[in-house]
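A.B. asks: Quick one: the structure is below, questions incoming.
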Amino acid sequence: MTTPPTLATAAPTAALPARPQAWRRLFRQSNALVGGTIVLVFCLAAIAAPLIAPYDPNASDWLAVREAPSLAHLFGTDDLGRDVLSRVIFGARASLSAGVISVVIAMLVGVPFGLIAGYFEGLADIVISRCTDALLACPFLILAIAFAAFLGPSLQNAMVAIGISAMPVFVRLARGQVLVVKREEFVDALRSIGVPDRRILVRHIVPNVLPPLIVQGTLTMAIAVLAEASLAFLGLGQLPPAPSWGSMLDTARQFLSEAPWMAVWPGLAIVTAVIGFNLLGDGLNDVLNPKN
């Protein structure tokens with residue numbers, strides 16, 4: 001990281017790329033463009049679901065139970081005669097909401113702890129780091145299932161469970177980044193002229209640790225989408241009859257030989273969304289950390 005040695009420009013210059021330069025670099029990244037396009041399509045579909053879904057996702061047609069894909073039902077129907085395409089479109093709301101909101105929860109809770117641990121060190125660092133290590137000792141999905149089971153089955157509780165389970169990653173990442181930045185010369189310069197620790201941390205260190213946190217947040221959204229689908233599959237997420245990709249797979253497993261399309265489309269939606277977030281995160285990493 002390049003940091004100016006003079007007090008006149010005590011803030012670092014490499015916190016975030018300049019906006020025009022960052023945008024140009026972003027549009028040159030094929031991974032970011034492909035991933036961003038996939039994520040944008042899913043987001044638009046979730047927002048405009050009532051407008052683009054051909055049927056009510058919860059409306060049953062008992063004359064079209066487990067009907068194969070056709071012009072009337074492009075993705076076929078499920079065991080209750082509900083249109084699979086409509087349920088996949090509306091299911092994007094639950095999966096994307098869980099992916100975004102759970103990561104926001106993880107960052108809002110984890111990043112401040114990481115900043116405190118890295119900047120002040122001492123007892124605060126010891127306590128926060130040991131608690132983080134204890135959470136990281138448990139596999140992410142097992143921890144999410146435990147929290148979701150404790151809180152009770154619902155989409156909101158699943159978001160909280162996923163957010164808490166993902167929090168240790170952001171604590172560890174923020175702490176490590178702060179430990180590096182706080183040893184730069186510009187931080188010593190700010191301290192020497194009497195700038196309070198809070199101002200140094202918020203105004204000068206946080207902007208320098210944002211790029212890796214943004215990249216990690218994007219990649220964690222892919223994991224969160226998978227986790228929400230897993231919790232819904234186990235009956236700990238979005239509750240029926242509200243559509244969710246995970247709960248649709250849970251229903252479809254009973255009819256794999258008779259109506260495989262019931263599992264194909266929600267499964268394909270999960271895979272595509274995860275790939276989109278991963279590609280977007282990889283592209284953002286190249287944009288925000290050009291030296292890597």
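The values are calculated or read from the model by the stated rules, or taken from the named source; none is laboratory data. These figures come from a predicted structure and were not determined experimentally. Glycine also receives a Cβ, built like all others from the backbone with ideal geometry; neighbour counts cover every protein chain displayed.
A.B. asks: Any residue at all in segment 135-144 that's free of Cβ contacts under 8 Å to residues at least 12 places away in the same chain and either part of a helix (DSSP H, G or I) or aliphatic (A, V, I, L, M) (or both)?
C.D. replies: yes
A.B. asks: Tell me, which helices (runs of 4 or more DSSP H) wholly within segment 147-257 include 1 or more residues that are surrounded by 21 or more Cβ atoms within 10 Å (Cβ to Cβ), among the hydroxyl-bearing types (S, T, Y) and within 16 Å of the chain's Cα centre (by Cα)?
C.D. replies: 155-181, 206-233
A.B. asks: Residues in segment 279-288: is at least one in a helix (DSSP H, G or I), of a type in the set (D, E), surrounded by fewer than 21 Cβ atoms within 10 Å (Cβ to Cβ) and out of contact with any Phe, Trp or Tyr (no Cβ under 8 Å at 6 or more places or on another chain)?
C.D. replies: The answer is yes, given that some residue of segment 279-288 is in a helix (DSSP H, G or I), of a type in the set (D, E), surrounded by fewer than 21 Cβ atoms within 10 Å (Cβ to Cβ) and out of contact with any Phe, Trp or Tyr (no Cβ under 8 Å at 6 or more places or on another chain).
A.B. asks: Among the residues of segment 258-278 satisfying the criterion of being part of a helix (DSSP H, G or I) and without any contact (Cβ under 8 Å) to a residue 40 or more places away in the chain, which is nearest to the chain's Cα centre (by Cα)?
C.D. replies: Across segment 258-278, the extreme among qualifying residues is V271.
Conditions tested, residue by residue: (1) crowded, with 20+ Cβ neighbours inside 10 Å; (2) under 24 Å from the mean Cα position of the chain (by Cα); (3) outside any loop (DSSP other than H, G, I, E, B).
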site	(1), (2), (3)
A46	no, yes, yes
A59	no, no, no
W62	no, no, no
L71	no, no, no
I89	yes, yes, yes
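A.B. asks: Now, a different point. Does V104 qualify as being more than 26 Å from the chain's Cα centre (by Cα), closer than 24 Å to Q238 by Cβ and aliphatic (A, V, I, L, M)?
C.D. replies: So V104 fails the test.
A.B. asks: Determine if segment 101-116 includes at least one residue that is in contact with a Leu (Cβ under 7 Å, 6 or more places away or on another chain) and modelled with pLDDT under 90.
C.D. replies: Taking every residue of segment 101-116 in turn, none turns out to be in contact with a Leu (Cβ under 7 Å, 6 or more places away or on another chain) and modelled with pLDDT under 90.
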